[in-house]
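A.B. asks: What follows is a structure written as structure tokens; I'll ask about it next.
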Amino acid sequence: MTSVDITSQGRSVVGQKYAFATASLVTGIACYVNLLGLEKAVLAILFGWLALKSSPAPALSAHRGWAKTGLVLGVIPWVLMPTLLVWNWDRVLRVIGALQNLK
């Protein structure tokens, strides 16, 4: 491969990392639109991880920040939902019992 091919391939990979960083941030924010939107949180984590992979390293720190923010926003629901369920387990059982009585 010539140096032009390598340079254009490097730019393509870097551009893809920026797209992953942007997608991570957007899906990280979107997972708060619907409280049980854990599938969006998984996508935010996945895109953030893909954007932060070590090779090649992202050139702009702003996009690394976007990827890290999306990653954190994606992890928060996975920590928050089980915590809320454990703290409110008695209420969850009452709701389940009420739903069973509807039959």
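A.B. asks: Starting with the highest mean, order 46-53, 21-28 by the number of other Cβ atoms within 10 Å, averaged over the residues of each peptide. Walk me through the numbers on the way to the answer.
C.D. replies: Details: 46-53: 19.6, 21-28: 23.1.
Top of the packing list down: 21-28, 46-53.
A.B. asks: Right, next: How would you rank 64-77, 85-98, highest first, on the average number of other Cβ atoms within 10 Å across their residues?
C.D. replies: Working: 64-77: 20.4, 85-98: 10.2.
Those peptides, ordered most packed to least, come out 64-77, 85-98.
A.B. asks: With each label point set 7 Å from Cα along the Cα-Cβ vector, what nm distance links V92 and Q16?
C.D. replies: 3.9
Quick note: the coordinates plus some simple rules give every number you see, no bench work behind them. Quantities reported herein were computed from a predicted structural model and do not represent experimental measurements. Cβ coordinates were reconstructed from backbone atoms using ideal geometry, including for glycine residues, and neighbour counts include every protein chain displayed.
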